[in-house]
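This report refers to the structure that appears directly beneath it.
Read the figures in this text as sums done on the coordinates, not as results from a lab. These numbers come from a predicted model, not from an experiment. Using ideal geometry, Cβ is built from the backbone for each residue, glycine included, and neighbour counts are taken over all protein chains shown.
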Amino acid sequence: MKGSSSLLAALLVLLAAAPARAADYAGPMIDAHSHVPNATAIDAYVAAMKRHNVARVVLLGVGGVQKEDAAWIGAAARKHPDRVIAALPLPDPTHDGAAARLEAELGTSHARVIGEVHLRQVGRRTIDRDPADPAFGKILEVAARRAVPVVIHYELTDAAAAALEKALAAHRKATLVLAHAGEGPPARVEGLLARNPNLLVDLSGMHFQRKPALASETGPLDPTWKTLIEKLPDRFLMGVDVWAPRLFEPAALDRLFRWTRRVLGELRPEVAERVAYKNAAALFRLE
């Protein structure tokens, strides 16, 4: 009995010393970065939004990969106007006539966001466009005049970060959103944010099924990302980044949303609310 009592006492000490698991974030959410792979997938997504208290979703184009993006996004917004924020896709941001077309389309669509614009992607596709290209500069001039943010896919290296910084400095009135945090790392992202007030970061596509990830499906939020997000809470947006049809299965969506709320719950409550909802609501003029 004495040995059993000692073992029980030791277990109680260990349990008392173990950090308590943070409660999942329970407040409202805006998915600031997702896509649809066809004309009907939005219905499954909206059903999941209702299950998980997701107020809005920003539907973006896929950088010219899907030729029907504009039609699918427009149809989704018409069918679910209280849920969908429709982006204006921009397949070729360095084409000489892209800025003029964008100006005309913004005049008729009244879109609240442009993108996702693929400037630099290595791996699945090889794209390496200079963000300081004069044609893209004209895009940013249009976006600044219209007060519409531009979401960019731009995978960072030190050299790529320097090129992006050049474009940000030349177009201070344009707001850019760096999708997927540019794949990090946090130190590189922090430098960009510190020097460029017109840059925001979305944390989309950094879930447990991809790399780099903010956290595994059940593990803790990466401490370096947590430190940076809590240091600059007004500069980050949360996104899920669904695209592949398999991710629109109800069980897959439920896993992604549960993971998202768990990770947000590890942030200070006021930070979680900003990242999950308030920053996106301000950026997309919902309030």
- Message: At 7 Å along Cα-to-Cβ for each site, give me the label-to-label distance between Asn53 and Ala251 in nm.
- Response: 2.6
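Excluding His153 itself, what net charge comes from residues whose Cβ is under 13 Å from its Cβ, given Lys and Arg +1 and Asp and Glu -1? Write down the numbers at each step before the final one.
Working: positive: Arg120, Arg124, Arg125, Arg129; negative: Glu116, Asp128, Glu155, Glu183, Asp202, Asp241.
Surrounding charge for His153 is -2.
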- Item | Spatial extent of the chain: Rg and Dmax, with the Cα atoms as the point set, Å | 20.5, 84
- Space enclosed by the convex hull of the alpha-carbon atoms of the stretch 152-287, per residue, Å³: 111
- Furthest towards positive pole of dipole, His207, Tyr45, Ser34, structure part the stretch 27-283, Cβ charges: Tyr45
- Task: Taking the Cβ of Ala194 as the centre, find all other residues whose Cβ is under 12 Å away and add up their charges (Lys, Arg: +1; Asp, Glu: -1).
- Result: +2
- Message: Kirkwood hydrodynamic radius, the stretch 45-142, all distinct C-alpha pairs: what's the number in Å?
- Response: 14.5
- Query: Between Thr40 and Gln121, 0.36 nm times their residue separation minus their Cα-Cα distance comes to what?
  - Reply: 26.4 nm
- Where only C-alpha atoms are counted, convex hull volume of the stretch 115-179 per residue in Å³: 73
- Item | Value at 222 nm in deg cm²/dmol, rounded to 500, when DSSP H runs of n ≥ 4 in the chain each add -39,500 (n - 2.57) | -12500 deg cm²/dmol
- Taking Cα pairs under 8 Å and at least six residues apart, what relative contact order does the stretch 27-283 come out at, in percent? 20
